[in-house]
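**Q** Mind looking over this structure? Questions follow.
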Amino acid sequence: MIEKLNLLFVGVGGQGVLTASDIAAQVGLDLGLDAKKSEVHGFAQRGGVVESHVRWARHVGSPTCERGTVDILISFELLEAARWVEWLRPSGMVIVNRQKIIPMSASVGDAVYPTEDVLLSVLEYHASKVIVVDALSLAAQAGNPRTVNTIMLATLSTLLDTDPMVWETVILRRVPSKYADVNKVAFALGQRESRR
Amino acid sequence: MKILLSGNEAIALGAWEAGVQYASAYPGTPSTEILENFARYPGIKAEWASNEKVALDNAIGASFGGARTLAAMKHVGVNVAADSLMSLSYTGVKGGLVLVSADDPGAFSSQNEQDNRQYARSGKFPCFDPADSEEARRFVGIALEVSETFQTPVILRSTTRLSHSKSAVETTIPEEREFRPLPKFERETGGVQRVIIPAIARRRHPEIEQRLRDVAAWTADQAFEKGINRIEWKNKTLGIVTSGIAYQYVCEILPDASILKLGISYPLPLENIRAFAAQVETLIVVEELDPFIEDQLKAAGIPVAHGKDIFPLCGELTLAKVRAGALQAGLIDDSGPAVILDARPEDVPIIPSRPPALCPGCPHRAFFYTMARNKRNAIIAGDIGCYSMGVLAPFEAMDMLISMGASIGMAHGFKQAGGQEAAVATIGDSTFFHSGLAPLASAVYNRANIVVAILDNRITAMTGQQQHPGTGVTLQGETGQEIDIAAVVRAMGVTFIEEVDAWDVNKMNKSLRAAMKHQDGPAVLLVRGACVFTPHFHRQPQMQVDLEKCVACGSCFRVGCPAIIKSEVIYPTNNKPKSAIDPLLCTGCTVCMQVCPTNAIGEAND
């Protein structure tokens with residue numbers, strides 16, 4: 001049974017990062033732990049970086065994690081995983097969606113979006129385990145590209161000693177009922193893929 | 001039942017549970033969700049006001065009628081409401097009145113980091129300072145009781161980190177509640193105090209000073225009995241006075257210290273703090289932003305060993321900053337989690353920054369593209385909203401921005417002082433109703449030759465799509481009266497008004513140039529196009545780049561659209577990458593197509 005967990009969800013505004021972190025925090029509460037989550041809305045969300053902290057423990061104080069204490073970094077975008085990877089604790093893990101969203105500094109400006117190989121090598125340097133998920137194509141395969149966050153949560157659930165049913169229940173409680181079936185499929189698909 | 005609620009959701013719940021009958025607000029990050037959530041409860045009335053002063057005035061009227069009431073706003077919104085707030089302290093209240101001030105340490109979504117606890121001191125009323133969602137919920141009800149007991153307005157001060165963090169709250173499913181009409185209005189007799197003319201203000205001032213002493217006495221006993229202020233005794237080597245979210249960081253970084261946790265940061269129970277200080281070897285104060293508590297303790301002669309000498313005055317507090325301060329003062333010796341920064345792989349890339357940008361399809365894009373092309377002989381006064389991003393590359397088309405509604409007044413002043421360039425004010429629809437009407441009246445009256453570009457995207461966009469007087473839909477989803485901006489402008493006496501389709505680049509250019517030449521008072525451009533997040537926005541067939549025709553000139557990059565990216569194909573003549581369009585992002589707004597000189601951009605043909 002998990003006693004304490006620090007999760008950091010990152011990505012780009014509009015990817016569903018905040019919904020995913022909401023669900024992860026609620027799972028902690030449903031598992032009988034205390035849970036908090038924290039993020040900042042507003043200006044940054046317009047195509048900017050989104051970060052959301054989720055903490056589980058017997059008692060959680062600060063709603064944000066300290067740099068260097070994150071157990072699992074869940075990144076919805078390749079570049080963002082590299083930006084935040086130093087928040088991992090030694091031997092922390094990374095789940096990263098293999099999707100690139102080119103920032104304006106690279107599309108308009110002179111900055112360069114590093115290659116996937118380079119970004120993955122940075123992740124592998126810091127993390128004990130890096131799981132790359134083709135979340136967008138898996139979500140499409142499940143029947144709706146907007147189930148990316150369910151795919152990511154399914155992957156996360158396989159790394160934790162928790163009952164997958166708790167995750168699925170919280171996800172289904174959160175999504176509109178007409179999307180329940182497609183999210184069920186996405187959750188199963190995400191779990192199956194990450195166990196392979 | 002335990003559920004996770006954000007600080008804002010918890011404030012809404014607390015207000016409803018405590019019987020708040022009427023609440024009013026103007027949206028502003030991080031306060032917006034308070035009213036959005038309160039509006040969903042039964043038996044209440046919740047409204048968007050056109051600005052924060054109106055919201056507070058609405059609440060004051062409700063309170064004088066006997067209702068429990070709440071007004072919510074971001075920290076800088078309190079500046080707008082301050083005229084009423086400062087005198088409300090003198091009039092006092094009837095029904096409990098809580099003003100929620102959501103401060104933004106870190107200025108995540110704001111123009112400054114002002115610490116609104118200072119308003120409580122200068123206005124001489126109490127300030128509650130919750131540390132998590134459960135406290136936020138509970139404190140609203142107690143703040144309302146205090147407001148009624150002492151006939152005073154009360155500030156409940158949140159911060160971004162509290163408002164936007166979720167923590168567990170004990171709650172039940174709300175039962176049905178009927179909206180109750182107010183009892184018959186009771187006119188004040190004898191010592192009138194709600195009509196604050198000078199003679200009454202002079203009489204009231206000493207009463208306000210006495211009220212503050214009475215509230216201070218309450219914070220010294222009742223507030224401890226109710227657990228709003230409390231002492232957590234541990235090791236007496238170190239004692240910490242703290243409040244709000246800072247308390248959470250203190251608990252983690254200094255778990256062995258004794259803590260005096262204040263739920264009310266003004267007025268302070270000074271004698272209780274003095275007694276606490278006498279029982280610990282070293283006393284420190286941990287608080288975000290100003291040394292608000294620290295200064296009061298020092299003024300009272302309470303020995304404070306450390307405060308703002310080790311904890312930062314600027315920016316949001318974090319675990320790391322509290323740790324760094326405690327380390328510096330030798331209070332702890334754990335330097336915290338080791339972050340491996342040395343010995344990284346040699347080819348560690350520079351991670352490109354990801355600045356916020358106007359969304360694909362944004363109705364502000366063509367205006368700022370056009371403004372950037374015409375900025376050589378113009379100054380641009382901006383305003384608060386998504387369009388403040390006009391200052392960013394590639395537009396760089398904004399020269400000044402200071403507060404809500406200031407664009408028109410600044411352009412006016414620049415021009416009347418003898419400014420040689422055309423003076424253009426850019427202001428959104430919601431901001432126009434917030435505080436654009438008065439400066440426009442002033443500009444018309446004084447015949448200031450300025451351009452006022454009203455960027456009407458049919459919503460309050462930056463804060464997450466709230467309705468306003470120009471949309472005619474109320475907060476609770478009812479049909480209100482929609483106000484026609486063009487008719488208002490015309491009625492004010494503006495002689496030049498042109499309506500422009502927000503995505504029509506040629507028309508935008510012609511109209512802007514004509515407006516800049518206008519010499520008979522303000523020229524108004526009404527740029528109309530719905531925000532992409534509203535149901536009024538319609539996606540069109542997506543665009544794609546014909547790589548045969550693209551000459552990598554970079555024109556399309558100058559519209560600043562996140563959907564336009566560099567392709568892998570290099571144009572040999574200038575050795576630059578040709579453009580491509582990300583089909584996941586493109587909304588088909590056609591602005592890039594209109595600016596492409598080689599007609600390389602067109603509808604995707606699949």
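**Q** Relative contact order (percent) for region B:2-223, with alpha-carbon contacts under 8 angstrom and 6 or more residues of separation?
**A** The normalised contact order for region B:2-223 reaches 26 percent.
**Q** Another question about this same structure. For chain A, what is the charge dipole size about the Cα centre, in debye to the nearest 20, if Lys and Arg each add +1 at the Cβ and Asp and Glu each add -1 at the Cβ?
**A** About 360 debye.
**Q** List A:Y125, A:Y113, B:Y387 from most exposed to least, where exposure is judged by having the fewest other Cβ atoms within 10 Å.
**A** A:Y125, A:Y113, B:Y387
**Q** What is the log10 of I(q)/I(0) for region A:4-194, computed with the Debye formula using one identical point scatterer on each Cα and no solvent, at q = 0.13 Å⁻¹?
**A** -0.64
**Q** Once you have a ≥ b ≥ c as the square roots of the Cα gyration tensor eigenvalues for region B:138-212, tell me rounded if a/c is under 1.5, and otherwise prolate or oblate according to whether a/b is larger than b/c.
**A** Judged from the Cα gyration tensor, region B:138-212 comes out oblate (a/c at least 1.5, b/c at or above a/b).
**Q** Write down the radius of gyration of region B:1-129 and its Dmax, each obtained from C-alpha positions, in Å.
**A** 13.8, 42
**Q** Give me the one-decimal nm value for the distance between modelled label points at B:A417 and A:S177, 7 Å along each residue's Cα-to-Cβ direction.
**A** 6.2 nm
**Q** Obtain the nm distance between the two label points defined at B:R180 and B:V348 by a simple spin-label model: each point lies 7 Å from its Cα along the Cα-to-C-beta direction.
**A** Each label point lies 7 Å from its Cα, and together they span 6.3 nm.
**Q** If you find the alpha carbon centre of region B:435-462 and of region B:520-579, how far apart are they in angstrom?
**A** 28 Å
**Q** Right, another one. What does the extension gain come out to for B:S87 and B:E145, with contour length at 0.36 nm per residue minus their alpha carbon separation?
**A** Extra length available between B:S87 and B:E145 comes to 18.8 nm.
**Q** Counting helices only, and only those DSSP H runs with n ≥ 4, report the 222 nm mean residue ellipticity of chain B as the sum of -39,500 (n - 2.57) divided by its residues, in deg cm²/dmol to the nearest 500.
**A** -9500 deg cm²/dmol
**Q** Work out how much length B:R213 to B:D334 would gain on full extension: take 0.36 nm times their residue separation and subtract the Cα-Cα distance, in nm to one decimal.
**A** Stretched fully, the B:R213-B:D334 segment lengthens by 39.3 nm.
**Q** Okay, next question. Compute the semi-axes of the equivalent ellipsoid of region B:300-417, taking the square root of 5 times each eigenvalue of the Cα gyration tensor, and list them largest first in whole Å.
**A** 44, 26, 11
**Q** Next question, about the same structure. Anything in chain B that counts as a DSSP H helix reaching 30 Å or more along its axis (C-alpha) with Kyte-Doolittle mean of at least 1.6? List them, would you?
**A** Length and hydropathy pass: none found.
**Q** In units of 2.2 N^0.38 Å, what is the alpha-carbon radius of gyration of the protein assembly as shown?
**A** Its radius of gyration relative to the 2.2 N^0.38 Å reference: 0.99.
**Q** Still on this model: Using +1 on the beta carbon of Lys and Arg, -1 on that of Asp and Glu, and nothing else charged, what's the dipole of region B:543-603 about the Cα centre, debye to 20?
**A** Value, rounded to 20: 240 debye.
**Q** A further question on this structure: Plugging the Kirkwood radius over Cα pairs into Stokes-Einstein for region B:167-277, at a temperature of 37 °C and a viscosity of 0.692 mPa s, what D comes out in µm²/s?
**A** The Stokes-Einstein estimate is 182 µm²/s.
**Q** Treat each spin label as a single point 7 Å out from the Cα along the C-beta direction, and report the B:R490 to A:E124 distance in nm.
**A** In this crude label model, B:R490 to A:E124 measures out at 6.8 nm.
**Q** Fewest to most neighbouring Cβ within 10 Å: what's the order for B:Y22, B:Y90?
**A** In increasing order of surrounding Cβ atoms, one gets B:Y90, B:Y22.
**Q** While we're on this one: Charges only on Cβ, +1 for Lys and Arg, -1 for Asp and Glu: so what's the dipole of the protein assembly as shown about the Cα centre, in debye to the nearest 20?
**A** 1280 debye
**Q** Can you put B:S87, A:S91 in order of Cβ neighbours within 10 angstrom, beginning with the fewest?
**A** Lowest to highest Cβ neighbour count: A:S91, B:S87.
**Q** Give the shape of region B:372-427 as rounded, prolate or oblate, defined through the alpha-carbon gyration tensor: a ≥ b ≥ c are the square roots of its eigenvalues, a/c under 1.5 means rounded, and otherwise the shape is prolate if a/b is larger than b/c and oblate if not.
**A** Verdict is oblate for region B:372-427.
**Q** Next up: Counting only other chains, and only Cβ atoms inside 10 Å, what mean value do you get across the residues of B:248-258?
**A** Partner Cβ neighbours, averaged per residue: 2.
**Q** State the extension gain, in nm to one decimal, for the chain segment bounded by B:D501 and B:I402, taking 0.36 nm per residue of separation less the distance between their alpha-carbons.
**A** Additional length available on full extension: 32.9 nm.
**Q** For B:K298, project a label point 7 Å along Cα to C-beta. Then give me every residue of region B:105-141 with its amide nitrogen under 19 Å of that point.
**A** B:115-119, B:121-122
**Q** Roughly what % antiparallel, to the nearest 5, for the DSSP beta bridges in the protein assembly as shown?
**A** 35 percent
**Q** Could you give the alpha-carbon Rg of chain B over 2.2 N^0.38 Å, rounded to two decimals?
**A** Relative to the rule-of-thumb radius for its length, chain B sits at 1.09.
**Q** What's the average, rounded to a whole number, of partner chain beta-carbon atoms within 10 Å of each residue's beta-carbon in A:32-39?
**A** Counting other chains' Cβ atoms within 10 Å and averaging over A:32-39 gives 5.
**Q** What's the average, rounded to a whole number, of partner chain beta-carbon atoms within 10 Å of each residue's beta-carbon in A:59-72?
**A** 6
**Q** Rounded to the nearest 0.05, what FRET efficiency is calculated for B:Q540 and A:A140 with R0 set to 25 Å and r the Cβ-Cβ distance?
**A** 0.65
**Q** How high is the FRET efficiency from B:H205 to B:A438, r the C-beta distance, R0 30 Å, rounded to 0.05?
**A** Efficiency, from the Cβ-Cβ distance: 0.50.
**Q** Cα-based Rg of region B:229-345 per 2.2 N^0.38 Å, rounded to two decimals?
**A** Normalised Rg, Cα atoms only: 1.09.
**Q** Rounded, prolate or oblate for region B:457-512? Axes are the square roots of the Cα gyration tensor eigenvalues, ordered a ≥ b ≥ c, and the cut-off for rounded is a/c under 1.5.
**A** Oblate, since a/c reaches 1.5 and b/c is not below a/b.
**Q** Now for a separate question. With equal scatterers on the alpha carbons only and no solvent term, can you work out the Debye log10 of I(q)/I(0) for region B:543-603 at 0.12 1/Å?
**A** For the requested q values the scattering log ratios are -0.23.
**Q** Calculate, in whole percent, how much of the Cα-Cα pair population of region B:2-223 lies beyond 26 Å.
**A** That fraction is 30 percent.
**Q** Can you find, among B:C592, B:V527, A:P145, the residue sitting farthest towards the positive end of the charge dipole of the protein assembly as shown, where Lys and Arg contribute +1 and Asp and Glu -1 at Cβ?
**A** Of B:C592, B:V527, A:P145, it is B:V527.
**Q** May I pose another question? To the nearest 0.05, what FRET efficiency results for B:I483 and B:N605 with a Förster distance of 56 Å applied to their C-beta separation?
**A** 0.85
Since every read-out is calculated from the coordinates, none of them should be taken as a lab result. Just so you know, these numbers come straight off a predicted model, no measurement behind them. Heads up, the Cβs are rebuilt from the backbone with ideal geometry, glycines too, and the neighbour counts pull from every protein chain shown.
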